[in-house]
Structures are given as structure tokens and as C-alpha cells.
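Here's the structure, in C-alpha cells; my notes come after.
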């Protein structure tokens, strides 16, 4: 087990997941998805617990968790901002949107704002090319963005959070 000095997760929250999916390593991705739904990310003690309960090694579990971009090994902010950097979005100004967000909120790709409100993640494609450039915040998609419009959307969410 990791000797890092951080909080311990309530591993009993995974009991129902293991009951449903058993200890089959073929269900590893599903178990990781369910664990991330429960904890919001994949803490290291959860990774070790999953390894022990799926007949996998911790290295295999970490390998899968780091290979697929859907998995997070660090906690995210209250709102996850996924900025599409696919071809259509790139051509239509995604880099300018990223620059505006980073400058306005003092954040970088993969980071979280100091207040814990936003985490920014650049993604390869959100599948909304006709709306490019696009960002998704939580489960809401925002299209036809400009740098100003993107910043305005985030300021609106910040204002809602303050109320």
C-alpha cells in the first residue's frame, strides 16, 4: 500500500460494485468507471483495493486508468470544463478559447482553479464538430464559442456558485 500521507477512502462503498461484477479482471474498466462515479476520481488506495478484488496487479490497474482519458487520478473541481481540441475546433479557434480561460481563471490544462470551482481538461474530440469550437461543462455542451463567450459562461457558473 502507498505510504503517502493522504486521506483514506471509504472502501466499503465499492462492496456492491464487487458483488455485481465479481473478481473478474475482464470487468476492470467497468469497475474503474463505477469507482470514479463514487469517489469523483481514482484515489491510490481505491486503485490498490480494485487490484486486490479483480485479480489484477496495481500496475495493471494504474496502466488501464492512465491509458484511458476518461479516468482521473486527481480530484477535479466542482465543474469539469472539457475543451475540444479536435481538428474542427482547433481550426475554428479552440487555442484562443483555451488562452482566454487560462488567463482569466489562472488555470492550465489538467489543473484546477485555486477556489476548486473549475478543472480544465483539453480533449481530442467531443463529437460536436458542427458546433465548433465546443466545450462541455459537466454534462452541458456549449458551441459556436468565442474566447469572450467561453469566459462569460464560466463567470456565470462562478456567480451561480457564489449565490
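The values are calculated or read from the model by the stated rules, or taken from the named source; none is laboratory data. All of these numbers come straight from a predicted model, not from anything done at the bench. Every residue, glycine among them, receives a Cβ derived from its backbone with ideal geometry; neighbour counts consider all protein chains shown.
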For this session: Give the number of residues within the range 105-114 that are touching a helix residue (DSSP H, G or I) at 6+ places or on another chain (Cβ under 8 Å) and exposed (fewer than 14 other Cβ atoms within 10 Å of the Cβ).
Result: 1
For this session: List the number of the failed condition for residue 101; all other conditions in (1) surrounded by 17 or more Cβ atoms within 10 Å (Cβ to Cβ); (2) not in a helix (DSSP H, G or I) hold.
Result: (2)
Problem set entry | Residues satisfying the stated conditions in the range 61-74, i.e. assigned to a helix (DSSP H, G or I) and in contact with a helix residue (DSSP H, G or I) (Cβ under 7 Å, 6 or more places away or on another chain) | 61, 62, 64, 65
Exercise. Taking the condition crowded, with 17+ Cβ neighbours inside 10 Å and modelled with pLDDT under 95, does residue 67 pass?
Worked result: no
For this session: List every residue pair whose Cβ atoms lie under 7 Å apart, where the two residues are 6 or more positions apart in sequence or sit on different chains, the first residue falls within the range 53-74 and is free of Cβ contacts under 8 Å to residues at least 24 places away in the same chain, and the second residue, located anywhere, is surrounded by 13 or more Cβ atoms within 10 Å (Cβ to Cβ).
Result: 57/51; 58/47; 58/48; 58/51; 62/47
Problem set entry | Enumeration of residues in the range 75-98 that are in a loop (DSSP other than H, G, I, E, B) and exposed (fewer than 14 other Cβ atoms within 10 Å of the Cβ) | 75
Seminar exercise, completed: Restricting attention to the range 119-144, the residues that are surrounded by 14 or more Cβ atoms within 10 Å (Cβ to Cβ) and either outside the structural domain of residue 109 (by TED's automatic domain parsing) or without any contact (Cβ under 8 Å) to a residue 24 or more places away in the chain (or both) number exactly 4
For this session: Among residues belonging to the range 39-50 that are modelled with pLDDT of 95 or more and in a helix (DSSP H, G or I), point out the one that is surrounded by the most Cβ atoms within 10 Å (Cβ to Cβ).
Result: 50
Exercise. Could you say which residue among 60, 19 is farther than 30 Å from residue 162 by Cα, surrounded by fewer than 17 Cβ atoms within 10 Å (Cβ to Cβ) and either at pLDDT 95 or above or assigned by TED's automatic domain parsing to the domain that holds residue 134 (or both)?
Worked result: 60
